[in-house]
Structures are given as C-alpha cells and as structure tokens.
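Peer 1: Mind looking over this structure? Questions follow.
Please treat every number below as a calculation from the coordinates, not as lab data. Bear in mind that the values here come from a model prediction, so they are computed numbers and not experimental data. Backbone-built Cβ (ideal geometry, glycine too); neighbour counts: all protein chains shown.
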Amino acid sequence: MHTVFRVVAIKEIENNNQLYEVELELTSDDDQQVRVLTDRIREEACDGTGWQRLGHLLLKMGHFNKAEKLYNVLLKHTSDGGERALYYNQLGFIHSYHGNYGKAVWYYEKTLEIEQKILSSNDPDLGSSYTNIGIVYSKMGEYSKALSSHEKALRIRQKTLPSNDPSLGSSYNNIGSVYNNMGEYAKALSSHQKALEIRQKAFLSNHPSIGSSYNNIGSVYDNMGDYLKALSFYEKALGIWQETLPSNHPNFASSYNNIGSVYYKMGECSKALSSYKKALEIQQMTLPLNHPDLAISCNNIGSVYNKMGEYYEALSFYYRALRIREKTLPSNHSSLATSYNNIGGVYENMRENSKALSYYERALEINQKSFPSDHSDLANSYNNIGSVYNSMAEYPKALSFYDRALEIRQKLPSDHPDLATSYWYMGNVYNNMRDYSKALLYFERALNVWQDALPSTHPHIKTVKESIEIVKMKL
C-alpha cells in the first residue's frame, strides 16, 4: 500500500498491439521529485480531515459528481456545525458549477444559517458566504439580490479587515461586476477603481490581481461601447499576466477572448479571429477535450465566421461548442441556450427561417426554465424570434415578441444601450409595415438612448440617424 513507482520504459509486446510491458522502478523515501509532488498535493488538498482533503482534491481535479457523492455521505455522518457548514458550502459550489443555481443558493444559505449560529456577526467567513450567494444570484440575473449580498460581505469586511486587505478589493470587484451587468456603468467603474486602488496598495505592480482589475475596468468600457479604452485596459491586464503567469495559464485565454471581442465589435474580424484562436489554442493545451471553456472559445470563433459570411465554418464551430455543452452540462443550462441562439443566428443569416426559428425556440424554452421572467436572456430570445418573424414579413408576430423584450428592458436604467436596441427593432418593423410615424418615434427613442450611453462615434448612432432621415423622406 502507498508505494510509489517511477515509470522507466513502456514497450509494446511483440505481435500484440494491445499489450505493453511497463518497466517500473521503486522510489526511495528521500526521492526529491516524489517529495515535491506529495508536498504539492498536500498544498492543493488544503487542511482538514482526510475525507475533507479528498473532497477538495476531487474538486480541483474536476471530478464534481464524485465530490458531490462524498459530501452528501459526509453530511449524513456528522452533527458538527462547522463540518456541516463546510459540506453545504462545497455542495453549493458544485451545483453552481453545474448551473443548478436554485440548489446552489439553497446550499449556500444553509451554510450561512449555520455560520450565523456558531460565529460572531463580523466573522470573515460570513462575508465569504454572502459573496458566494451574491455570485450565484448574479448568474441568475437577480442583480438586486446579488448586490445586497455583496454589500453585506463588504460591510463585514470593512469592520474586521485593514483598509488595504485584498478581500475588500474582491468585494468592490464583485459589486462593480453587478453594476456592470445592470448597465450602471458609472457605478461599476467607481467600484472597480476602488478595487484597483486597494490591490495597488496590497500587491506589487505586476501582481495578477491588478491585471484582473484592469480586465474588469476594460469590460465596463467594452459594454459602454468605448472600445479603444476597453482595448487599452485589456492589453494592460494581458501585459501583467505575461510577466507573472505561466504561458498556458487560463487567464491568457480569458484575455485573448476579451481582446477578440473588442476587435469583433469594431469590425476587425481578422484581428478578432486571431485573438480567439490564441485563446482556443491555450485551452486545448491545458483543459480536457469537453471542458465548457472550450465551448466559449468555439462560440467566439463561430461568431467571427458568421459575421464574415462564412456560414458553414461558423456552424462547424457552433456545433462543436454545442456538443461539448451537451456532454458536460444539464439539459436546462443557460449555455445550451446560448449555443441554440448562435446556431439559429447563422440559419437566419442563411435565410433558412424555419431552422432559425426552431433553434431560437429551443433557446427560449431553456431560458424560461432557468431564469426569472424579467431576465435579460429572455429579452434576447424574444428579440431573436421577433427578428425571424420580421424577415418572414409576419409583422404582428414580430411586434408581439419585440414588445415582450421591450417590457423586460424597460426595467433597465433609462440610458441602457439594450433599451435602445429594442426601440431600434420596433422601428424597423413599423418601417416595414409602412407606418412611418411610429417608425420615426422608435428610431428617435433609440437615438436619444444611444447618444446618452455611447461615444458619439459609435456606429449605432450613425445607422439610426440614417434611418431617421430615410423615414422622414417617406412621411
């Protein structure tokens, strides 16, 4: 038991391509390589009992189903509050990974419930539990609940930690990300800047966490449509990570995907494709063949080919992403809806409206099961279906779906770009119906929002101004 061998050689047995001879060499107790390996495994497995270390190691290795079974067994065999809180927390993490967000919140709240009984009201572990809950609510699109949880975590940390503690930076980062998703970009920038200031005090100038702050600030400018600033911050993040992280670190894939996204929005498809392929290359070297992050990069590459009009190449990458997600994710996971939407978009561009509609409806079905009725992904699905009906000249149906999307988006801040997009779609349908007065009304609403939310040079502003002039000529 517990004997470690080194593989010296592997030889195929003659005339039998299914059997191999393996030459092993027994390692000694003081073998330096074995010592380094076992020390690293102990470090990765963290502290705790043997079973707890095993569970943590299973999570590190990506064996989530095995870890879930272990934690459920451990829960049944302990009445200790601290241990139960730990196991509930780990189960919450597993369900969040699988996209079972309702269950994830339930487990995290069970953790919090126990911690509130056995810990002081300002214990940092309570802050961690509120953070976990906030992250899941953010994934569910329940941003007000996410914000509340992250602000509770921040208040606890402000009472117990020094002003330059990295955990405070993490809280401001989480709050900034929620505001970014809500379209409240000024608040998002403010929070991310606070996170950056804390990290600059706590770490060296090339610490990876500072790179993460630059990356997050870039994301806000990206969503604001200020692509040059976004690119500048994304490249700052990449520069720091190149100094401090191994060349195959997952952050590089994330960075290249973000840079690719900006080039994609700027219409520089060749640069976008180059960045996305770099991301995929890194992931293929470091991740299992069916890892969900590979699907993200495949989707991104598919999007560029779609924009370039190379529809069969686009479908090839989109279907590859879909196959990965079908193998690794639950059938109602929102990422499957993303894949269905992307495939539907290609078929729409190919004028295969029935296929497009079929994929868009599959995406809508998943989103309706996965999210609250006012989630932004539902608005996107309604818009996609409306777009197909608009192409099919079934204008009342198109208006019906666009109206549903607009109803959701009217709950966003009044200057959110997505609201303008809905107005733009409505204007297009009325224009096609030759109801030019209504078309003008919606185009002008879109223009007002985009002028408030986007840089004056943004292509959306130019496009809607041109549409307004054309409609005025028809009145």
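Peer 1: Enumerate the calculated ³J(HN,Hα) couplings along region 236-243 in order (Karplus 6.51 cos²θ - 1.76 cosθ + 1.60, θ = phi - 60°), each rounded to whole Hz, writing x wherever the residue is Gly or Pro.
Peer 2: In residue order, the calculated couplings are 4, 4, 4, x, 5, 5, 5, 6 Hz.
Peer 1: With r defined as the distance between the Cβ atoms of residue 270 and residue 319 and R0 fixed at 25 Å, what FRET efficiency is calculated, to the nearest 0.05? Provide the component values of the computation, followed by the final result.
Peer 2: On the way: r = 23 Å, r/R0 = 0.93.
Working from the Cβ atoms, E equals 0.60.
Peer 1: Right, next: Using the crude model of +1 on Lys and Arg Cβ and -1 on Asp and Glu Cβ, and no other charge, please compute the dipole size for region 412-475 relative to its Cα centre, in debye to 20. Mind showing how you got there, number by number?
Peer 2: Values: 7 positive and 7 negative charges, 57 e Å.
I would put it at about 280 debye.
Peer 1: Where a Cα-Cα gap under 17 Å defines reach, which aspartates and glutamates qualify for residue 307, not counting those fewer than 8 residues away within the same chain?
Peer 2: Filter leaves 268, 348, 352.
Peer 1: Let me ask something else. First measure r as the distance between the Cβ atoms of residue 103 and residue 25, then evaluate 1/(1 + (r/R0)^6) with R0 = 35 Å and state the FRET efficiency to the nearest 0.05. Could the numbers behind the result be given before it?
Peer 2: Working: r = 47 Å, r/R0 = 1.35.
That pair, residue 103 with residue 25, gives E of 0.15.
Peer 1: While we're looking at this one, here's another question. For region 214-327, take N as its residue count and report Rg(C-alpha) divided by 2.2 N^0.38 Å. Numbers along the way, then the final one.
Peer 2: Numbers: Rg = 13.9 Å, N = 114, 2.2 N^0.38 = 13.3 Å.
Scaled against compact globular proteins, the figure is 1.04.
Peer 1: Relative to the longest principal axis of the C-alpha atoms of the chain, give the angle of the C-alpha long axis of helix 50-60, reported between 0 and 90° and rounded to the nearest 10°.
Peer 2: Long axis of 50-60 versus the principal axis of the chain: about 40 degrees.
Peer 1: Next question, about the same structure. Based solely on C-alpha atoms, express the radius of gyration and the Dmax of region 110-265 in angstrom.
Peer 2: When restricted to the Cα atoms of region 110-265, Rg and Dmax are 16.2, 51 Å.
Peer 1: Right, another one. Positive end of the charge dipole of the chain (Lys, Arg +1 and Asp, Glu -1 on Cβ, about the Cα centre): tell me which of 203, 330, 10 has its Cα farthest that way.
Peer 2: Of 203, 330, 10, it is 330.
Peer 1: Work out how much length residue 285 to residue 465 would gain on full extension: take 0.36 nm times their residue separation and subtract the Cα-Cα distance, in nm to one decimal.
Peer 2: Values: separation 180, 0.36 × 180 = 64.80 nm, distance 4.68 nm.
Answer, rounded to one decimal: 60.1 nm.
Peer 1: Let me spell out the model: positive unit charges on the Cβ of Lys and Arg, negative unit charges on the Cβ of Asp and Glu, origin at the Cα centre of region 353-475. What dipole size does that give, in debye rounded to 20?
Peer 2: On the way: 14 positive and 14 negative charges, 56 e Å.
Using Cβ point charges on Lys, Arg, Asp and Glu, region 353-475 gives about 260 debye.
Peer 1: How big is Rg to Rh over region 52-118, alpha-carbon atoms, Rh as the Kirkwood inverse-mean-distance radius? Please report the intermediate quantities before stating the final value.
Peer 2: On the way: Rg = 11.3 Å, Rh = 11.8 Å.
We get a ratio of 0.96 for region 52-118.
Peer 1: Using mean Cβ contacts within 10 Å as the protection proxy, how do 67-78, 447-458 order, highest first? Please report the intermediate quantities before stating the final value.
Peer 2: Working: 67-78: 15.6, 447-458: 17.5.
The packing order, highest mean first, is 447-458, 67-78.
Peer 1: Further, regarding this structure: Mind listing the phi-derived Karplus ³J(HN,Hα) values for region 453-463, rounded to whole Hz, using 6.51, -1.76 and 1.60 with θ = phi - 60°, and x for any glycine or proline?
Peer 2: 9, 10, x, 4, 8, 5, x, 4, 5, 4, 5
Peer 1: Which three semi-axes in whole Å describe the equivalent ellipsoid of the chain, each the square root of 5 times a Cα gyration tensor eigenvalue, listed largest first?
Peer 2: Working: eigenvalues 382, 166, 106 Å².
Here the semi-axes work out to 44, 29, 23 Å.
Peer 1: Can I ask one more? For region 214-264, what mean projected area does the convex hull of the alpha carbons give, in nm²? All intermediate terms of the calculation are to be shown ahead of the outcome.
Peer 2: On the way: hull surface 12.1 nm².
Taking a quarter of the hull surface, the average projection is 3.0 nm².
Peer 1: Using the Karplus equation 6.51 cos²θ - 1.76 cosθ + 1.60 (θ = phi - 60°), what ³J(HN,Hα) coupling, rounded to whole Hz, does each residue of region 145-150 give in order, writing x for Gly and Pro?
Peer 2: 5, 4, 4, 4, 5, 5
Peer 1: If you fit an axis through the alpha-carbon atoms of helix 185-202 and take the longest principal axis of the Cα set of the chain, what angle between them do you get, 0 to 90°, nearest 10?
Peer 2: With both axes taken from Cα atoms, the answer is about 30 degrees.
Peer 1: Using the alpha-carbon atoms, what tilt in degrees (0 to 90, nearest 10) does helix 269-286 show relative to the longest principal axis of the chain?
Peer 2: Once rounded, the angle reads 20 degrees.
Peer 1: Beyond 17 Å, how much of the Cα-Cα pair distribution for region 412-475 remains, as a whole percent? Don't skip to the end; give the middle numbers.
Peer 2: Values: 646 of 2016 pairs.
So the portion of pairs separated by more than 17 Å is 32 percent.
Peer 1: So how strong a dipole does the chain carry about its Cα centre when Lys and Arg Cβ are +1 and Asp and Glu Cβ are -1, to the nearest 20 debye? Present the calculation step by step, with values, prior to reporting the outcome.
Peer 2: Details: 50 positive and 51 negative charges, 230 e Å.
My answer is approximately 1100 debye.
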